[in-house]
Amino acid sequence: MDKYVLYHDLRDALQHGTCAVCTLVEQRIDRAVKVILREGFTDTELRGSYIRAKGYCNHHAWQVREAGDPVAHAVMYRGLLEQHRASLELFMNERNKIGEAVSKESPVQRIRSILQGIKEEPKKKTDTETVRYLDSFSSNNRCPLCEMARSCELRYVESIIDYYEGDEDFKERYRNRGVLCHPHLRQLIQNHPDRAILDELLEIQLGRLDTYIEHLTEIEKKANYSYSEADIGAERGGWIRAVHLDVGVPGTDTSYKLKLKSGNRLGDFVLKD
Ligand SMILES: [Zn+2]
Ligand SMILES: [Zn+2]
């Protein structure tokens with residue numbers, strides 16, 4: 001990305017009074033979706049990354065769908081569904097094989113062969129096949145659009161702290177309107193904890209939180225008595241800004257909100273003894 005363009009894009013994005021990183025990532029992904037729909041079925045790299053990731057995440061799948069291109073979707077999803085079909089067929093065959101083998105054996109035969117280590121216990125074998133099938137839905141590759149969003153976020157967050165430190169005009173603008181949503185505030189702190197200038201950005205963020213809370217309090221107060229439109233002040237839209245501040249734009253990763261116990265991811269298939 002051209003540094004000059006990035007600087008001006010960030011500077012302009014500050015005018016909205018919402019997280020500038022979110023604004024630019026959203027624009028970047030919108031453009032990428034257009035490219036995917038235009039070139040997705042001819043560009044083998046784009047197609048490959050889509051298939052390797054087992055398709056898009058929920059949010060991006062619907063975003064691409066909203067842009068609506070039946071032919072591009074047909075090409076992308078046929079490849080994906082063919083893989084799913086093959087995995088399901090394999091799983092069904094394995095289950096049938098296990099079922100047939102078990103029904104042919106007498107209980108004594110089964111116990112004898114398990115004890116002799118000739119055969120896996122049928123239940124264990126079924127569990128293994130189930131884990132294998134459930135695993136076929138996941139990938140080591142992230143959704144390509146999430147991946148793109150992530151690398152843009154890192155770049156924009158870093159640029160904000162760099163420009164804030166090195167450019168007076170940018171600093172002034174950020175002081176006036178700058179704010180970061182929580183996902184991007186976390187990234188800023190995670191990736192740049194040792195930068196002394198970080199404290200200034202946190203001070204600004206604290207002031208913004210005060211303003212947001214004031215606006216929310218106003219909305220609550222005004223709900224308790226009748227008021228005319230003229231009474232609505234700066235708090236207008238404050239509730240939507242609060243949502244944006246807390247989770248970023250749609251598609252922003254907020255998985256940090258759930259503290260996971262080690263070794264047990266939510267939704268994992270757990271083998272029972
Ligand atoms: Zn953001
Ligand atoms: Zn995604």
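Scoring GLY17 on the criteria (1) farther than 30 Å from ASP127 by Cα; (2) buried (at least 17 other Cβ atoms within 10 Å of the Cβ) leaves a single failure, condition (2).
So that you can scan it fast, the table gives a plain yes or no per residue for (1) free of Cβ contacts under 8 Å to residues at least 24 places away in the same chain; (2) within 15 Å of ligand 1 (Cβ to nearest atom); (3) not assigned by TED's automatic domain parsing to the domain that holds LEU88:
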site	(1), (2), (3)
CYS152	no, yes, yes
ASP162	yes, no, yes
PHE170	no, no, yes
ILE189	yes, yes, yes
PRO193	yes, no, yes
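For (1) over 20 Å from the mean Cα position of the chain (by Cα); (2) basic (Lys, Arg); (3) more than 16 Å from ligand 2 (Cβ to nearest atom); (4) at negative phi, each residue gets a yes or a no:
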residue: GLU121; (1), (2), (3), (4): yes, no, yes, yes
residue: GLU129; (1), (2), (3), (4): yes, no, yes, yes
residue: ASN141; (1), (2), (3), (4): no, no, no, yes
residue: CYS146; (1), (2), (3), (4): no, no, no, yes
residue: ARG150; (1), (2), (3), (4): no, yes, no, yes
residue: ILE161; (1), (2), (3), (4): yes, no, yes, yes
residue: GLU165; (1), (2), (3), (4): yes, no, yes, yes
residue: PHE170; (1), (2), (3), (4): yes, no, yes, yes
residue: ARG173; (1), (2), (3), (4): yes, yes, yes, yes
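When the residues of region 76-107 are filtered to those that are among the polar types (S, T, N, Q) and either exposed (fewer than 11 other Cβ atoms within 10 Å of the Cβ) or closer than 30 Å to VAL35 by Cβ (or both), the one that is modelled with the highest pLDDT is SER87.
One line per residue, one yes/no per condition, for (1) surrounded by 14 or more Cβ atoms within 10 Å (Cβ to Cβ); (2) in a helix (DSSP H, G or I):
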| position | (1), (2) |
| --- | --- |
| ASP162 | yes, yes |
| GLU165 | yes, yes |
| ASP169 | no, yes |
| ARG173 | yes, yes |
| ASN176 | no, yes |
| VAL179 | yes, no |
| LEU188 | yes, yes |
| GLU200 | yes, yes |
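Here region 17-31 is the region considered, the condition is being over 20 Å from GLU158 (Cβ atoms) and not in a loop (DSSP other than H, G, I, E, B), and the residue that is nearest to ligand 2 (Cβ to nearest atom) is ASP30.
The condition of being of a type in the set (Lys, Arg) and within 21 Å of ASN140 (Cβ to Cβ) holds for only one of LYS97, LYS104, LYS54, LYS3, that being LYS54.
Checking ASN141, ASN96 one by one, the residue that is in contact with a helix residue (DSSP H, G or I) (Cβ under 9 Å, 6 or more places away or on another chain) and away from ligand 1 (no atom under 16 Å from the Cβ) is ASN141 and no other.
The values are calculated or read from the model by the stated rules, or taken from the named source; none is laboratory data. Model, not experiment: these values are computed from the prediction. Note: ideal-geometry Cβ built from the backbone for every residue, glycine included; neighbour counts use all protein chains shown.
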